[in-house]
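S.K.: Attaching a single structure in structure tokens format; questions to follow.
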Amino acid sequence: MDIAAEHRLRNDLAETRRIGGWVEEFAQRAQLPREVQNAIDLALVEAVTNVISYAWADTREHWVTICFHASADEVRIEVCDDGREFNPLTVPLVDTAAPLESRKPGGLGVHMMRELMDAVEHRREVGRNVLTMIKRLPKH
Amino acid sequence: MPITKKALPDGLELFVSGRVDGAAANELEIQVLEAIRTGAKTVYVNLADATFLCSAGLRVLLQYWRQMKGAGRSLLVANPSPEVNSVLTMTGFRDQMVEGT
């Protein structure tokens, strides 16, 4: 049976603290393995942090919508915002083999999203960014 | 995210537990800076009870790992939990930053 959930949060970084609880609740309903829950939790915090940090130039209130959907084979998470067009997949790749002394500060969040998820896609849809992250579930 | 401290013969150990998210990373930075100001030769960040580490926490670790190294001192991660160890490994931090690796 498919399981779905939707949540909204304001464009305030303190709001990202709510994500862990939402992921935990969804993981329990969908009976996701712990490692899948942890991966979704971290990837989602990174994705939403990026949106809140870069999507809007003004100081007005905006909303980020998170949709979860679990089927027998995969979990699909969509993060939607009405901010400026921003595709995190255009962020340069991090060279994780490079010495820490020469590392540039940015890109770690997007790197982890790519590593933790099986697929990450961005599209622009009617003035909104839609970031889709897919985590395939282990076969029973 | 509670942080407690313990003095060691060669420095100071910070015990960090729970979720190291963006807000907690700011608190971690304050505590690391305080530890550096005590003149500790080595600051150990013990992450045995940390259940989550995001890129904001990694940035704090990286910034002060570099600063301490540049000053001939060191900042090291001690006893990372499995969740944190996985993050340190996937970002290439583990081999250079974790004590005893």
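The values are calculated or read from the model by the stated rules, or taken from the named source; none is laboratory data. Quick caveat, the model's predicted, so the values are computed rather than measured. A quick note on method: Cβ atoms are made from the backbone with ideal geometry, for glycine too, and the neighbour counts reach across all protein chains shown.
S.K.: Give the number of residues within segment A:103-119 that are facing another protein chain (nearest Cβ under 8 Å), at pLDDT 95 or above and outside any helix (DSSP H, G or I).
M.R.: Of the residues in that region, 0 qualify.
S.K.: Right, here's the next one. Tally time: how many residues in segment B:4-46 are outside any helix (DSSP H, G or I), buried (at least 19 other Cβ atoms within 10 Å of the Cβ) and aliphatic (A, V, I, L, M)?
M.R.: So the answer is 7.
S.K.: Can I ask one more? Starting from residues that are within 18 Å of B:M68 (Cα to Cα) and hydrophobic (A, V, I, L, M, F, W, C), keep the ones in segment B:6-24 and report whichever is farthest from the other protein chains (Cβ to nearest Cβ).
M.R.: Narrowing segment B:6-24 to residues within 18 Å of B:M68 (Cα to Cα): B:7-14.
Those left that are additionally hydrophobic (A, V, I, L, M, F, W, C): B:7-8, B:12, B:14.
Details: B:A7: 27, B:L8: 23, B:L12: 21, B:L14: 19 Å.
Here the residue is B:A7.
S.K.: Would you pick out the residues in segment A:100-139 that are touching a strand residue (DSSP E or B) at 6+ places or on another chain (Cβ under 7 Å), among the hydrophobic types (A, V, I, L, M, F, W, C) and loosely packed, with under 13 Cβ neighbours inside 10 Å?
M.R.: From segment A:100-139, those touching a strand residue (DSSP E or B) at 6+ places or on another chain (Cβ under 7 Å) are A:113-114, A:117-123, A:128-137; that's our starting set.
Restricting the remaining residues to those that are among the hydrophobic types (A, V, I, L, M, F, W, C) gives A:113, A:117, A:119-120, A:130-131, A:133-134, A:137.
Listed by number, the list holds a single entry, A:A119.
S.K.: Does segment A:68-85 include one or more residues that are part of a loop (DSSP other than H, G, I, E, B), surrounded by 12 or more Cβ atoms within 10 Å (Cβ to Cβ) and at pLDDT below 95?
M.R.: Kept after step one, since they are part of a loop (DSSP other than H, G, I, E, B), are these residues of segment A:68-85: A:71-73, A:82-85.
In the following step, the residues that additionally are surrounded by 12 or more Cβ atoms within 10 Å (Cβ to Cβ) were identified as A:71, A:82-83.
Keeping just the survivors that are at pLDDT below 95 gives none.
Scanning segment A:68-85 turns up no residue that is part of a loop (DSSP other than H, G, I, E, B), surrounded by 12 or more Cβ atoms within 10 Å (Cβ to Cβ) and at pLDDT below 95.
S.K.: Just checking, how many residues over segment A:46-56 are in contact with a Lys or Arg (Cβ under 9 Å, 6 or more places away or on another chain) and free of Cβ contacts under 8 Å to residues at least 60 places away in the same chain? Don't jump to the end; show me each part of the working.
M.R.: First pass over segment A:46-56, keeping only residues in contact with a Lys or Arg (Cβ under 9 Å, 6 or more places away or on another chain): A:52, A:54-56.
Adding the requirement that they be free of Cβ contacts under 8 Å to residues at least 60 places away in the same chain leaves A:52, A:54, A:56.
Of the residues in segment A:46-56, 3 are in contact with a Lys or Arg (Cβ under 9 Å, 6 or more places away or on another chain) and free of Cβ contacts under 8 Å to residues at least 60 places away in the same chain.
S.K.: Of the conditions (1) within 14 Å of chain B (Cβ to nearest Cβ); (2) surrounded by 14 or more Cβ atoms within 10 Å (Cβ to Cβ); (3) not hydrophobic (A, V, I, L, M, F, W, C), A:T65 satisfies every one except a single condition; which number is it?
M.R.: (1)
S.K.: Right, next: Is it the case, given these coordinates, that A:I134 is more than 14 Å from chain B (Cβ to nearest Cβ) and either in contact with a Ser or Thr (Cβ under 9 Å, 6 or more places away or on another chain) or outside any strand (DSSP E or B) (or both)?
M.R.: Details: more than 14 Å from chain B (Cβ to nearest Cβ): yes; either in contact with a Ser or Thr (Cβ under 9 Å, 6 or more places away or on another chain) or outside any strand (DSSP E or B) (or both): no.
Answer is no for this residue.
S.K.: So how many residues does segment A:79-102 have that are touching a Leu at 6+ places or on another chain (Cβ under 7 Å) and either among the small types (G, A, S) or facing chain B (nearest Cβ under 9 Å) (or both)?
M.R.: 2
S.K.: Please state which one of B:K69, B:K41 is more than 25 Å from A:E35 (Cα to Cα), more than 10 Å from chain A (Cβ to nearest Cβ) and at pLDDT 95 or above.
M.R.: Step by step, each of B:K69, B:K41 is checked, and only B:K41 is more than 25 Å from A:E35 (Cα to Cα), more than 10 Å from chain A (Cβ to nearest Cβ) and at pLDDT 95 or above.
S.K.: Residue check: is B:R59 at the interface with another protein chain (Cβ under 7 Å from one of its Cβ atoms), without any contact (Cβ under 8 Å) to a residue 12 or more places away in the chain and in a helix (DSSP H, G or I)?
M.R.: no
S.K.: Does B:F52 count as of a type in the set (F, W, Y), within 14 Å of chain A (Cβ to nearest Cβ) and in a strand (DSSP E or B)? Steps first, please.
M.R.: On the way: of a type in the set (F, W, Y): yes; within 14 Å of chain A (Cβ to nearest Cβ): yes; in a strand (DSSP E or B): yes.
Yes: the conditions hold for B:F52.
S.K.: Run A:V94 past the list (1) crowded, with 19+ Cβ neighbours inside 10 Å; (2) in a loop (DSSP other than H, G, I, E, B); (3) in contact (Cβ under 8 Å) with a residue 24 or more places away in the chain and report the number of the one that doesn't hold.
M.R.: Among (1) crowded, with 19+ Cβ neighbours inside 10 Å; (2) in a loop (DSSP other than H, G, I, E, B); (3) in contact (Cβ under 8 Å) with a residue 24 or more places away in the chain, A:V94 violates only (3).
S.K.: Follow-up question, since we're still on this one. Determine, yes or no, whether B:L88 is modelled with pLDDT of 95 or more, within 11 Å of chain A (Cβ to nearest Cβ) and over 17 Å from B:E27 (Cα atoms).
M.R.: yes
S.K.: Going by the conditions given, is A:A43 of a type outside the set (S, T, N, Q), under 18 Å from B:D21 (Cβ atoms) and within 11 Å of chain B (Cβ to nearest Cβ)? Reasoning before the result, please.
M.R.: On the way: of a type outside the set (S, T, N, Q): yes; under 18 Å from B:D21 (Cβ atoms): yes; within 11 Å of chain B (Cβ to nearest Cβ): yes.
In short, yes.
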